[in-house]
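The values are calculated or read from the model by the stated rules, or taken from the named source; none is laboratory data. It should be emphasised that the depicted structure is a prediction, and the values quoted were computed from it without experimental measurement. Positions of Cβ are backbone-derived with ideal geometry, glycine not excepted, and every protein chain shown enters the neighbour counts. Please note that ligands, DNA and RNA were not included when accessible areas were found on the heavy atoms of the full protein model with its side chains. Shrake-Rupley method; radii C 1.70, N 1.55, O 1.52, S 1.80 Å.
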Amino acid sequence: MDHTLPKQFENAQDFLQLLGTDYIEMYVGNAKQSAYYFKTAFGFQEVAYAGLETGVSDRTSYVLQQDKIRLVITSSMEKDSDINRHFLEHGDGVKIVALWVDDAESAYEETTKRGAKSYQKPTTHSDDNGSVVTAGIYTYGETVHLFVERKNYTGAFLPGYVPRTPTYAPEPVGLKYIDHIVGNVDWGQMNVWVKFYAEVMGFTQIISFDDDDISTEYTALMSKVMSNGNGRIKFPINEPAEGKKRSQIEEYIKFYNGSGVQHLALATDNIIRTIHELRERGVEFLNVPDSYYTDLKDRVGAIDEDMEVLKRYKILVDRDDEGYLLQLFTKPLMDRPTVFIEIIQRKGATSFGKGNFKALFEAIEREQEQRGTL
Ligand code: FE2
């Protein structure tokens with residue numbers, strides 16, 4: 001068997017030794033209700049909590065988990081706080097993409113010496129369950145990568161959090177792990193951040209699309225996908241491209257007031273069951289026209305799933321050289337048309353659904369038209 005790395009990873013300098021995504025933290029206006037939404041609609045389990053009852057007076061955080069995916073939903077208890085400033089500026093959004101490391105201090109040193117802007121110097125947090133070291137750097141917009149070293153910790157989440165097992169706990173919907181996390185950046189910024197991930201984080205570019213690949217009458221975008229050395233972390237970065245009217249990426253930038261996380265892609269190993277369950281619980285997905293399915297077989301060839309079932313659930317399919325994938329995108333999770341979630345199941349494919357971008361954006365544009373923001 002060939003154990004050499006795929007060609008795209010040959011030059012990856014894995015000086016960061018990222019073990020995976022540790023958690024995603026969202027700053028929101030009302031953490032209690034947002035946590036209820038992620039529990040009820042998406043089947044996340046509440047595993048830990050910090051707030052007034054646990055001696056934390058400035059904020060409330062709910063830690064939600066489903067298999068390997070961990071979300072932290074936080075809101076501020078104080079008028080003037082970084083959390084509230086973030087919320088006023090961006091609405092509910094992703095503040096922290098935390099990365100699991102073996103050595104947070106080294107991750108911080110290696111990235112800051114390569115030019116990363118510091119968010120938080122290495123800090124040790126301790127309680128009866130041991131200690132965790134965290135350190136953070138800024139990425140695009142106000143988004144932060146926090147390095148989390150937890151090898152000396154056995155608690156539920158982080159020091160300061162108490163474990164929770166609430167009686168209200170809707171069943172999981174089969175979400176397994178974070179497949180990729182997409183950032184939208186402003187005009188002319190894509191290559192700046194591609195360079196950041198390459199030079200500061202040691203990532204390698206694995207895929208690139210330009211506006212010829214992904215353009216509809218109104219929406220055009222360019223996208224490059226950056227991956228870390230072991231391939232566990234993939235960050236596509238989108239930039240708007242010139243179209244006739246405002247693109248979906250521009251709409252995001254306008255409502256988010258700048259660059260930020262556009263979507264979290266969550267993997268399942270049974271997308272039909274997962275989408276069925278999410279729809280039952282009221283999660284809204286982008287509308288996919290029935291016409292999408294008329295030439296699907298010609299486009300993707302033979303697949304295991306029944307095309308009629310995929311059409312009923314409006315699940316999208318795309319194929320690359322290595323296999324195929326199934327995916328579907330929710331509508332924005334909040335009133336501002338900003339952050340959404342992608343559900344993805346991979347059947348060999350290692351790409352991101354390029355063939356669906358056009359179908360996706362045509363669907364999004366029908367909705368932009370309804371909002372009058374095209
Ligand atoms: Fe995606």
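What to note about this one:
- Rg and Dmax, both from the Cα atoms of the range 77-127 and both in Å, are 14.2, 36.
- For the chain, the dipole from Cβ point charges (+1 on Lys and Arg, -1 on Asp and Glu) about the Cα centre works out to 460 debye, to the nearest 20.
- Dividing the summed helix terms, -39500 (n - 2.57) for each DSSP H run of n ≥ 4, by the number of residues in the chain produces a 222 nm estimate of -7000 deg cm²/dmol to the nearest 500.
- Maximal additional length on extending the GLU171-THR124 stretch stands at 13.4 nm, based on 0.36 nm per residue less the C-alpha distance.
- Per residue, in Å², the accessible surface of the chain once ligands and nucleic acids are set aside, probe 1.4 Å: 44
- Tail weight of P(r) past 18 Å, computed on alpha-carbon pairs of the range 111-171, percent: 50
- To put it simply, the accessible area of the range 175-371 at a 1.4 Å probe is 44 percent carbon and sulfur.
- Annotation: lysines with alpha-carbon distance below 30 angstrom to LYS117 (same-chain offsets under eight excluded): LYS68, LYS79, LYS95, LYS151, LYS195, LYS224, LYS234, LYS254.
- For the chain, relative contact order (Cα pairs under 8 Å, six or more residues apart, normalised by length) works out to 16 percent.
- Fraction of antiparallel bridges per DSSP, the chain only, in percent to nearest 5: 80
- Cα-only Debye scattering, the chain: base-10 log of I(q)/I(0) at q = 0.08, 0.14 Å⁻¹: -0.40, -1.31
- Added length on full extension, which subtracts the Cα-Cα distance from 0.36 nm per residue, ASN287 to GLN205: 26.4 nm
- Prolate/oblate/rounded call for the range 305-344, Cα gyration tensor, a/c under 1.5 rounded: oblate
- As a size descriptor, the averaged projected area of the C-alpha convex hull of the range 175-371 was calculated at 10.9 nm².
- In summary, the convex hull built on the alpha carbon positions of the range 75-183 has an orientation-averaged projected area of 9.3 nm².
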